[in-house]
C-alpha cells in the first residue's frame, strides 16, 4: 500500500544512508522541540491564566534553569555540526582510484564524457560498485547536478571545475535533475544515470569505437603547438608537464599552488594569472579559442603525463608521444 508513497527516494549509493540518518535526526529533533514548546505553552496558559482576586507572582529568574536551556542546546548543535562536517568532508574527498567523468552543463542539457572516450547527452552509464568522480563545469550559467538516489547535489559553475563523487550500490536507472533555476527550460534539463553490472558496463563500453579522452587531448596539444614550449629538456620556454599534475608548483610571485584541474584550466585560458617560477608570461590567451570539451581533453592529457622513466622522455605517456606536426604554429599554449 505504501510502496507508491515513499518517504524518500531509493538509497542507491554508499553515502545515502548517512545523509538520511542526519536528515531524519533533524526532523525528529525539530518535531520533538515543536511538540515540547507547544505543550508548555498550553500548560502555562492554563496554569497561570488570569484569575479574579489572585495577584500575579513576580518571578526573578532561575540561574540553574537558564544555564540548562543554554548548555543543552549548545551541545546538541555542536553534535549536529560535527555529524554534518564528517559527512561533508567525506563527500568532498573522493578516493584516488575513482573513475572520472567530465561533465559540461549548458542550457538545457548535460554533456558527459568518459575517460575511455564515450560521449553521452542527458544519460550517464556507470558500473555498480565503483567510485565515480564527476569533474563538472558550465558553458553558460549556474546549474546544479542532482541525483536524489545518490543524495548528491553540486553546483556547476561557469569558468571553473567543481567536483562531486559517489559510489553506486544498486543497479538501476535513476533520475538526474538540474536543481538550480537556469532559464526558461530549466524544468526540462533532466536525464538519467544508468547503473550497470560490471560485465554489462564493459559490454556497453565496447559497443562502439572511441578515442580515449587523453589521446584526444594529446592531439589538440599537438595541433596547438604546445610541445614546442613544453619540452622535456631545459631548452623549452615553458615548464615540462610530465608528472606536474597533483604536485605543488612554485609561482613567480612566491606563492605555491597545487596543479589540479582548475589550475590547468586557468593556465590555458589565462596563463598570465599564475606564472611558474623561472619562466616568462609569453603564452597567448586561449579564452574563447578552445571549447569546454577541448579543455576537458587537454586536462585529461596533462593528467596522463607521468614521471619519465628510463628511456622515456618527459611529455610522453601511455597516450603516446606529444611531438607536434611540422606545420605547427609559432605561438603555442603553455600551462604555466
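The values are calculated or read from the model by the stated rules, or taken from the named source; none is laboratory data. Since the model is a prediction, treat every value here as computed from it, not as a measurement. A quick note on method: Cβ atoms are made from the backbone with ideal geometry, for glycine too, and the neighbour counts reach across all protein chains shown.
Worth pointing out:
- Criterion (free of Cβ contacts under 8 Å to residues at least 40 places away in the same chain, in the same structural domain as residue 148 (by TED's automatic domain parsing), part of a loop (DSSP other than H, G, I, E, B) and closer than 30 Å to residue 167 by Cα) met by exactly one of 95, 6: 6
Here is a yes/no grid of residues against (1) modelled with pLDDT of 90 or more; (2) surrounded by fewer than 18 Cβ atoms within 10 Å (Cβ to Cβ):
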residue: 217; (1), (2): yes, no
residue: 223; (1), (2): no, yes
residue: 230; (1), (2): no, no
residue: 244; (1), (2): no, no
residue: 263; (1), (2): yes, no
residue: 284; (1), (2): no, yes
residue: 301; (1), (2): yes, no
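- Looking across the stretch 173-214 at every residue that is in a helix (DSSP H, G or I) and in contact with a strand residue (DSSP E or B) (Cβ under 7 Å, 6 or more places away or on another chain), the one that is nearest to residue 148 (Cα to Cα) is identified as 186.
- Any hit, the stretch 65-81, residues being farther than 30 Å from residue 215 by Cβ, in a helix (DSSP H, G or I) and touching a residue at least 24 places away in the same chain (Cβ under 8 Å): yes
- Any chance residue 134 is surrounded by 19 or more Cβ atoms within 10 Å (Cβ to Cβ) and closer than 19 Å to residue 294 by Cα: yes
- For the stretch 196-209, the condition holds for at least one residue, the condition being that it is crowded, with 18+ Cβ neighbours inside 10 Å and under 24 Å from residue 121 (Cα atoms).
Results for (1) assigned by TED's automatic domain parsing to the domain that holds residue 203; (2) out of contact with any helix residue (DSSP H, G or I) (no Cβ under 8 Å at 6 or more places or on another chain); (3) assigned to a strand (DSSP E or B); (4) surrounded by fewer than 17 Cβ atoms within 10 Å (Cβ to Cβ), shown as yes or no for each residue.
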site: 104; (1), (2), (3), (4): yes, no, yes, no
site: 113; (1), (2), (3), (4): yes, no, yes, no
site: 120; (1), (2), (3), (4): yes, yes, yes, yes
site: 124; (1), (2), (3), (4): yes, yes, yes, no
site: 146; (1), (2), (3), (4): yes, yes, yes, no
site: 149; (1), (2), (3), (4): yes, no, no, no
site: 155; (1), (2), (3), (4): yes, yes, yes, yes
site: 165; (1), (2), (3), (4): yes, no, yes, no
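- Just one of (1) at pLDDT below 95; (2) surrounded by fewer than 12 Cβ atoms within 10 Å (Cβ to Cβ) fails for residue 8. It is (2).
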